[in-house]
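The values are calculated or read from the model by the stated rules, or taken from the named source; none is laboratory data. Values in this document were obtained by computation on a predicted structure and should not be read as measured data. For neighbour counting, all protein chains shown are included, and Cβ atoms are generated from backbone atoms with ideal geometry for every residue, glycine included. Only protein heavy atoms, including side chains, enter the accessible area calculation; ligands, DNA and RNA are left aside. Shrake-Rupley method; radii C 1.70, N 1.55, O 1.52, S 1.80 Å.
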Amino acid sequence: MDVARRTLLRGSGAALAAPALLRRAVAAQAGAPLPIPPVVDADGTGGTLLEAIGGEHEFLAGSRTRVVGFNQPFLGPVLRMRRGHSARLQVRNRLREPITVHWHGLHVPGEVDGGPHSVIEPGASWTPTLEIDQPGGTYWYHSHMHRRTAEHVYWGLAGMLIVDDPAQSGLPSRYGVDDLPLVIQDRAFDARGDLAYSKRGPSLMTGFRGDRILVNGAIEPVATVPPGWVRLRLLNGSNARIYTLFFDDEREFHQIGTDGGLLPRPVSRRRLVLAPGERAEWLVDFSDRGPTRLLSLPDRNLPMGGMMGGMSGAEPPSVNGDGAFGVMQFRVDGQASATITALPASIAGAAPLPDFGEPVRRRRFELDIHGAMMGGMGRGMMGGGAGGGMTINGRSMDMGHINERVPLGQTELWEVRSAMMAHPFHVHATSFQVIRTSAGPVDFAEAGLKDTVLVDDRVELLVRFRHRADERRPFMYHCHILEHEDAGMMGQFTVG
Ligand code: C2O
Ligand code: CU
Ligand code: CU
């Protein structure tokens with residue numbers, strides 16, 4: 001076991017199981033019921049406890065995998081917060097190494113954003129109060145420890161966060177019945193059934209990808225749904241894998257939400273690309289009662305289109321020979337009933353088009369893996385490079401350097417470029433509007449508000465901040481391929 005993982009798991013109470021016992025059990029256990037994470041209502045003022053702990057989780061029948069999570073062995077509860085209310089949290093770190101907890105997508109000040117400066121030492125607690133004032137939607141939280149985010153999220157320090165908005169109505173909202181949280185991640189397992197991970201060489205350059213797909217911590221699970229309209233809240237919580245999701249019967253689905261809330265009206269689709277950090281809400285009609293399977297196309301996001309060779313890593317088993325693989329399945333329970341019987345023409349409580357006006361300033365961000373590639377080669381054929389070398393505007397993340405100083409409340413145009421491969425670019429503490437990509441102008445009604453956007457060549461977005469962050473706790477922008485982020489593809493900015 002590598003030193004990194006040992007530190008994270010030490011003291012977790014995880015015991016080594018006898019290898020002989022485990023070896024026969026390492027077949028993937030697809031087809032278990034979809035786990036529905038417990039909900040923690042963080043709406044109260046009493047202080048909601050979120051405790052980072054170590055433990056064991058049975059991904060593969062008969063084998064105990066050492067993992068970490070919040071309040072449970074792997075991942076955390078779904079946190080629900082309410083627009084117009086405040087949420088007081090008490091985050092306690094029971095692990096043996098420092099963590100942070102970042103609220104990805106929440107519009108909150110730097111002091112409570114939970115970025116890499118808000119370190120929670122082992123045994124310590126952090127008690128932020130979050131004032132929730134943004135469109136209802138699907139967000140998430142995860143550790144953001146500098147240079148350790150990839151490991152922390154991989155071993156389980158992440159969860160979904162839902163902001164409820166009284167303005168929203170007319171959508172399925174029975175949690176776990178016709179309103180399903182789906183945290184999609186890929187993982188790899190070693191011969192003993194422990195999680196396997198690497199952040200060096202090819203796994204650094206492409207980001208780490210596993211050959212098993214988990215939804216809410218179960219391998220390719222089966223959801224049981226009523227025969228009618230069901231709302232799916234999808235979160236790509238993977239370190240690096242980009243999914244192109246579709247149903248095996250090519251059924252239509254209707255996208256109703258993006259990172260920053262609900263769209264003005266449903267958008268009919270048969271496929272959707274979801275990059276790490278991105279969320280989408282769908283309505284799917286299961287009234288035909290037929291079972292269906294959610295699949296994904298393989299991730300082709302490799303440096304220089306795979307020309308480096310041999311860098312793709314393990315892919316999940318293909319279902320049809322063209323590389324498409326299973327994510328999860330849906331089965332219909334004819335006895336259950338659905339809440340809504342027709343697709344709404346428009347969505348009440350949709351996130352409004354922001355009145356950005358004309359941008360007063362333009363900033364450029366160029367995301368580059370080049371330095372890490374060269375560094376790796378210098379140390380012998382991509383062997384090293386785990387220490388950094390990924391850059392934005394030629395600089396690797398430096399905790400002591402403020403890259404940008406952004407005035408409060410002013411609209412800016414940010415132009416983001418990527419070379420050699422695509423990068424999901426994420427900005428803290430706000431939602432932005434993507435106005436143009438290399439493919440052309442972007443329609444707000446279809447794209448909605450975003451906080452993470454896959455940059456393949458070039459993206460232009462409008463952004464404005466209404467919360468402050470000082471030099472002690474600045475905000476971050478970064479690539480959400482976590483291996484890239486940890487290797488320096490991140491910058492920090494103040495707002496004031
Ligand atoms: Cu989801 Cu700065 O991260
Ligand atoms: Cu974030
Ligand atoms: Cu990247």
Rounded, prolate or oblate: which fits the range 86-190, taking a ≥ b ≥ c as square roots of the Cα gyration tensor eigenvalues, rounded meaning a/c under 1.5, else prolate when a/b beats b/c?
oblate
Given the range 349-496, what percent of its DSSP beta bridges are antiparallel, to the nearest 5?
75
Where both partners of a DSSP beta bridge lie in the range 37-173, what percent of those bridges are antiparallel, to the nearest 5?
65
Mean separation of Cα contacts under 8 Å (6+ apart) over length of the range 344-496, as relative contact order %:
30
Is the range 382-496 best put as rounded, prolate or oblate by its Cα gyration tensor, with a ≥ b ≥ c the root eigenvalues, rounded for a/c under 1.5, and otherwise prolate when a/b is larger than b/c, oblate when not?
oblate
Linear extension gain, R174 paired with R293, 0.36 nm per residue minus alpha-carbon span
40.6 nm
For D333 and A439, compute 0.36 nm times the residue count separating them, minus their Cα-Cα distance, and round to one decimal in nm.
34.0 nm
Residues in the range 444-458, backbone N under 20 Å from the label point at R364 (7 Å along the Cα-to-beta-carbon vector): list them, ranges by number please.
455-458
Sort 391-400, 275-284 by the packing proxy (mean of other Cβ within 10 Å over each peptide's residues), most packed first.
275-284, 391-400
So what J values fall out for the range 282-298 if you push phi through Karplus, 6.51 cos²θ - 1.76 cosθ + 1.60 with θ = phi - 60°, rounded to Hz, Gly and Pro as x?
10, 10, 10, 8, 10, 6, 6, 6, x, x, 8, 10, 8, 10, 9, 6, x
Please label the shape of the range 427-488 as rounded, prolate or oblate, based on the square roots a ≥ b ≥ c of the eigenvalues of the alpha-carbon gyration tensor (a/c under 1.5 means rounded; beyond that, a/b larger than b/c means prolate, else oblate).
oblate
Going by Cα centres, the range 245-271 and the range 381-454 are how many Å apart?
24
For Cα pairs less than 8 Å apart in space and 6+ apart in sequence, what is the mean separation divided by the residue count of the range 184-245, i.e. the relative contact order in percent?
42
Residue (of S63, G277, T292) at the positive-pole extreme of the chain, dipole from beta-carbon charges
S63
How many angstrom separate the Cα center of the range 69-105 from the Cα center of the range 115-146?
6
In nm, to one decimal, how far is the modelled label at D248 from the one at A345, with both set 7 Å along Cα→Cβ?
3.7
At 1.4 Å probe size, with every protein chain present, just tell me what the per residue accessible area of the chain comes to in Å².
36
The long-range amide H neighbours of F59, using H built 1.01 Å from N in the peptide plane and a cut-off of under 5 Å, are T65
Carbon/sulfur fraction of accessible area - the chain, other protein chains in place, 1.4 Å, %
49
Please give the charge dipole size of the chain, origin at the Cα centre, charges +1 on K and R Cβ atoms and -1 on D and E Cβ atoms. Round to the nearest 20 debye.
940
Two-decimal ratio, the chain, of alpha-carbon radius of gyration to 2.2 N^0.38 Å:
0.91
Can you tell me what share of the DSSP beta bridges in the chain is antiparallel? A percent to the nearest 5 is fine.
70
Report the normalised scattering of the range 177-318 as log10 I(q)/I(0) at q = 0.08, 0.12, 0.13 Å⁻¹, calculated by the Debye formula with identical scatterers on the alpha carbons.
-0.24, -0.53, -0.62
Share of Cα-Cα pairs in the range 129-249 lying beyond 23 Å, as whole percent
42
With an 8 Å cut-off on Cα pairs and a minimum separation of 6 or more residues, tell me the relative contact order of the chain in percent.
15
Given H placed on each backbone N at 1.01 Å, which residues far from H104 in sequence or on other chains put an amide H within less than 5 Å of it?
W140, Y141, H142
The simple spin-label model distance between R395 and L49, using points 7 Å out along Cα→Cβ, in nm, is 4.2
Net charge, L302 excluded, C-beta distance under 13 Å - Lys, Arg +1, Asp, Glu -1:
0
